[in-house]
Amino acid sequence: MKFLYSLLIIIIGESICNEKLDEFILEIEAVLKERKAQLTEQFYNKCSLIPTCPKSYLSCVQPIPPFECSEKYVRTECEKCYEIKGSKVGLKESVVSFTDQLSTPSASVKEMNCLLATMDEYFIDAMDKYPFGWQYVGTYTSLYRTFPGHYVCNFDPRHRPWYIAWSTGAKNIGIILNTASSMNEKRKDLIQLALVNKMISSLTLNDFFGVVTYSEGYKKVNNTLLRATSRVKGEYPSILSSIPINGKGDFIEAFQNIYTMFHDSINGDSIGALPKQNLILFIVDVIPKMDYTIKDVVSTIEELEKQYKLNATIITYVIGNDESIVHSVKEISCSRFGFTDLITSSDEISDKLLNFYLILSSGLVRTDVVWTEPYEDASGLGSMTSAVLPFYEEKNSHPNKLLG
């Protein structure tokens, strides 16, 4: 709650007292919980609702009536709202976007679109009562419905930090990457960095992360897990790209370092404690020449688990085209309830990570509203925060299925 106070004071103004801030937080969270209950019931009764699908506006298609100029939102050159220096938005209808909008939408996208079209009355009502800048629903089908309506093209909410964080929950991620001499092909190096950077960028203020390498002379990028603030995440691409490539790889030492890093971080930071969910992302391109076997690596991990009681899940990504490496190292992930996957190009990274997030969210139910780190709104509304709550198919699905 300490973090939430400081976060909302930025948005509301420093003169607000704690008592009124508590009331404000609870009031906004009540709106989201009511909305979640409506959506849950709506999906339960979807068979009777879909035949009466209301009209929806695709945000990639121009023009999108009945947009109107609003001085609340920043002016854009192409929308010609010069007389009031505003932007054209749909104040009576939401709009939808989904990936690959030039193709025929799938049955699941069509169904989700119909079910969410009825949300407009709630959007409009809430906009009149609360200081909302935007209201939106992102779904597992990639469908994204946003109000007020505005131009959004091929936006995939499933890759946004607010969607990932509150479908998978707060987590600690330790990343083991290869900086040994085996990583001498520039293509592999770029894929690895793209994977790590995309993973780190998806984290939010509730997550912690750390990076170690398995090469000689450069072991830990950071000594303890770091909270994934915007500043820290922004610094990491240049830090990772500057790590030298040298020496031979050592899997066992890398896992010892990552477990030590988790253990040395148990007190969290000044804002709060570490989450309870622990993940290790293990990135491999070749099997280095080692004086031990993969079974020895697994035994070491088992010993580290007994020592530190981390209960970590290990996910292994193999970079390149050699499927035999997948079979060689999958025992490491299997020993810690994870999986092993092959990434042959940067184009595959988004889909591979999306599968990872879906696996993490399987069977989990998040009931608390979470507030994001402040950010600058792209449409000129200033410094903002988002309140986020996932909803599920609870009555027809066991375990509960994340809907959005």
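The values are calculated or read from the model by the stated rules, or taken from the named source; none is laboratory data. Values in this document were obtained by computation on a predicted structure and should not be read as measured data. FYI the Cβ positions are ideal-geometry reconstructions off the backbone, even for glycines, and counts take in every protein chain you see. For accessibility, only protein heavy atoms count, side chains too; no ligands or nucleic acids. Shrake-Rupley method; radii C 1.70, N 1.55, O 1.52, S 1.80 Å.
Structure data summary
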{"read-out": "Residue list for region 390-404, filter: buried (at least 18 other Cβ atoms within 10 Å of the Cβ) and not in a strand (DSSP E or B)", "value": "Pro390, Phe391, Asn400, Leu403, Gly404"}
{"read-out": "Candidates Leu353, Leu381, Leu304 - the one that is over 25 Å from Ser230 (Cα atoms) and of a type in the set (A, V, I, L, M)", "value": "Leu304"}
{"read-out": "Total residues in region 311-337, condition in contact (Cβ under 8 Å) with a residue 40 or more places away in the chain, outside any strand (DSSP E or B) and not hydrophobic (A, V, I, L, M, F, W, C)", "value": "4"}
{"read-out": "Wholly enclosed strands (runs of 3 or more DSSP E) of region 64-121 bearing at least 3 residues at pLDDT 85 or above", "value": "95-97"}
{"read-out": "Enumeration of residues in region 346-385 that are of a type in the set (Gly, Ala, Ser), at pLDDT 85 or above and open to solvent by less than 40 Å² (accessible area, probe 1.4 Å)", "value": "Ser350"}
{"read-out": "Count of residues meeting criterion [touching a Leu at 6+ places or on another chain (Cβ under 8 Å) and not in a helix (DSSP H, G or I)] in region 339-355", "value": "1"}
{"read-out": "Single condition Asp296 does not satisfy, out of (1) surrounded by fewer than 21 Cβ atoms within 10 Å (Cβ to Cβ); (2) at pLDDT below 95", "value": "(2)"}
{"read-out": "Residues being basic (Lys, Arg) and surrounded by fewer than 22 Cβ atoms within 10 Å (Cβ to Cβ) - total across region 138-157", "value": "0"}
{"read-out": "Of all residues in region 187-199 being in contact with a Phe, Trp or Tyr (Cβ under 9 Å, 6 or more places away or on another chain) and either modelled with pLDDT under 90 or surrounded by 18 or more Cβ atoms within 10 Å (Cβ to Cβ) (or both), the one that is nearest to Ser230 (Cα to Cα)", "value": "Met199"}
{"read-out": "Check on Ser202, open to solvent by less than 10 Å² (accessible area, probe 1.4 Å), modelled with pLDDT of 85 or more and at positive phi", "value": "no"}
{"read-out": "Some residue of region 158-172 being in a loop (DSSP other than H, G, I, E, B), more than 21 Å from Tyr375 (Cα to Cα) and either modelled with pLDDT under 85 or not basic (Lys, Arg) (or both)", "value": "no"}
{"read-out": "Tally of residues being open to solvent by less than 30 Å² (accessible area, probe 1.4 Å) and either modelled with pLDDT of 95 or more or small (Gly, Ala, Ser) (or both) across region 324-335", "value": "2"}
{"read-out": "Qualifying positions in region 252-279 - in a helix (DSSP H, G or I), among the hydrophobic types (A, V, I, L, M, F, W, C) and out of contact with any Phe, Trp or Tyr (no Cβ under 6 Å at 6 or more places or on another chain)", "value": "Ile252, Phe255, Ile258, Met261, Phe262"}
{"read-out": "Count of region 89-105 residues which are under 26 Å from the mean Cα position of the chain (by Cα) and over 17 Å from Pro157 (Cα atoms)", "value": "2"}
{"read-out": "Candidate set: region 207-234, residues that are open to solvent by 50 Å² or more (accessible area, probe 1.4 Å) and either in contact with a Cys (Cβ under 8 Å, 6 or more places away or on another chain) or not hydroxyl-bearing (Ser, Thr, Tyr) (or both); chosen: the one modelled with the lowest pLDDT", "value": "Gly217"}
